[in-house]
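J.: Got a structure for you, questions after.
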Amino acid sequence: DAGVTQSPTHLIKTRGQHVTLRCSPISGHKSVSWYQQVLGQGPQFIFQYYEKEERGRGNFPDRFSARQFPNYSSELNVNALLLGDSALYLCASSLLLMNTEAFFGQGTRLTVV
Amino acid sequence: GENVEQHPSTLSVQEGDSAVIKCTYSDSASNYFPWYKQELGKGPQLIIDIRSNVGEKKDQRIAVTLNKTAKHFSLHITETQPEDSAVYFCGTGNYQLIWGAGTKLIIKP
């Protein structure tokens with residue numbers, strides 16, 4: 001069975017540009033969460049979606065947005081990119097909304113120059 | 001908000017010895033405590049988790065202990081092997097996970 005897949009794996013963008021990151025959860029998983037991981041730190045929670053509804057939002061500016069599609073895949077959008085947005089963006093899927101194992105993709109490495 | 005502190009930031013042990021990583025948390029309502037292992041260039045992978053209705057859980061060489069009164073939990077790895085070298089993260093939270101800063105575990109041959 002396929003695990004969580006994220007695309008692209010690497011991306012280089014210029015300050016001020018917009019980026020869209022994509023995630024396909026494990027089949028049957030209805031919850032998708034997004035995390036930002038800066039080098040040397042633990043992942044920081046950005047969004048959680050469950051059954052296509054936003055169920056949680058971390059402390060990130062409005063430049064960050066996300067959505068979940070009817071097939072439970074998800075997109076993370078970041079507008080007006082800043083140098084500080086350079087990070088590994090992780091997507092995790094889980095079967096349930098809470099207190100359950102989260103399965104992570106390999107991440108998208110975003111570099112803003 | 002919820003806060004998780006993880007120690008040490010780096011841990012170097014001799015192959016075959018034990019390693020212990022500790023985390024403390026602030027939200028007494030937390031009921032789920034996973035540990036993840038992250039290897040270079042990969043996403044985190046769950047290695048063990050514990051829920052608040054148990055105090056200890058073991059899976060072969062890996063064990064986790066939870067003290068809800070003191071609000072801390074620990075990861076124990078026995079008989080360490082070279083493939084245990086990685087960054088380990090503790091987490092907590094009932095919905096979205098709040099993570100510790102990570103521990104880089106180095107296994108010396």
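J.: Carbon and sulfur atoms: what percent of the 1.4 Å accessible area of chain A do they account for?
T.: The nonpolar share, carbon plus sulfur, comes to 50 percent.
J.: Would you mind checking the pairs B:Lys68/B:Lys108; B:Lys22/B:Lys108; B:Lys57/B:Lys108; A:Lys30/B:Lys68 and listing those with alpha carbons more than 24 angstrom apart?
T.: Exceeds cut-off: B:Lys68/B:Lys108; B:Lys57/B:Lys108; A:Lys30/B:Lys68.
J.: Using a loss threshold of 50 Å², tell me which positions in region B:34-64 are less accessible in the complex than in their chain alone. Probe radius 1.4 Å, ligands and nucleic acids ignored.
T.: Correct list: B:Pro44.
J.: Shifting gears a bit: In the protein assembly as shown, what is the volume of the convex hull around the alpha carbon atoms, normalised per residue and reported in Å³?
T.: Here the figure is 123 Å³ per residue.
J.: Using a probe radius of 1.4 Å on heavy atoms only, what accessible surface per residue do you get for chain B? Whole Å² is fine.
T.: On a per-residue basis, chain B sits at 50 Å².
J.: What accessible area per residue, rounded to a whole number of Å², is obtained for chain A using a probe radius of 1.4 Å?
T.: 48
J.: For region B:78-109, list whatever residues lose no less than 10 Å² of accessible surface once every protein chain is in place, relative to that chain by itself, with the probe at 1.4 Å.
T.: Buried by the other chains: B:Phe89, B:Asn94, B:Tyr95, B:Gln96, B:Leu97, B:Trp99, B:Ala101.
J.: Right, next: Report relative contact order for chain B in percent, whole number only (criteria: Cα-Cα under 8 Å, sequence separation at least 6).
T.: Rounded, it is 37 percent for chain B.
J.: With all protein chains present, how much of the accessible area of chain B (probe radius 1.4 Å) comes from carbon and sulfur, to the nearest whole percent?
T.: Looking at chain B in its full context, I get 48 percent from C and S.
J.: Classify chain B from the C-alpha gyration tensor, please: rounded if a/c falls under 1.5, else prolate or oblate depending on whether a/b exceeds b/c.
T.: prolate
J.: Another question, then. Region A:20-58: which residues show an accessible-area loss of 40 Å² or more, assembly versus chain alone, 1.4 Å probe?
T.: Buried by the other chains: A:Tyr35, A:Pro43, A:Phe45.
J.: Over region A:45-113, what is the relative contact order in whole percent, taking alpha-carbon pairs under 8 Å and six or more residues apart?
T.: It rounds to 22 percent for region A:45-113.
J.: Report the rotationally averaged projected area of region A:1-84 based on its alpha-carbon convex hull, in square nanometres.
T.: 6.0
J.: Counting only other chains, what is the mean number of Cβ atoms within 10 angstrom of the Cβ of each residue in peptide A:3-10?
T.: The per-residue average across the peptide is 1.
J.: Return the value, in Å² to the nearest 100, of accessible area buried between chains A and B (probe 1.4 Å, both sides summed).
T.: What A and B bury together is about 1500 Å².
J.: If you count, for each residue, the other Cβ atoms within 10 Å and average over each peptide, how do A:41-52, A:65-76, B:32-43 line up from highest to lowest?
T.: Going from most to least packed, we get A:41-52, B:32-43, A:65-76.
J.: Going by Cα centres, region B:27-94 and region A:1-80 are how many Å apart?
T.: 24
J.: Suppose every K and R has +1 on its Cβ and every D and E has -1 on its Cβ; what is the size of the dipole of the protein assembly as shown about the Cα centre, in Debye to the nearest 20?
T.: Magnitude of the dipole: close to 400 debye.
J.: Residue farthest toward the positive end of the dipole of region A:1-59, with Cβ of Lys/Arg at +1 and Asp/Glu at -1: which of A:Ser24, A:Leu39, A:Thr5?
T.: Looking along the dipole axis, the top candidate is A:Leu39.
The values are calculated or read from the model by the stated rules, or taken from the named source; none is laboratory data. A quick note: this is a predicted structure, and the numbers were derived from the prediction, not measured. A quick note on method: Cβ atoms are made from the backbone with ideal geometry, for glycine too, and the neighbour counts reach across all protein chains shown. These accessible areas exclude ligands, DNA and RNA; they are computed on the full protein's heavy atoms, side chains included. Shrake-Rupley method; radii C 1.70, N 1.55, O 1.52, S 1.80 Å.
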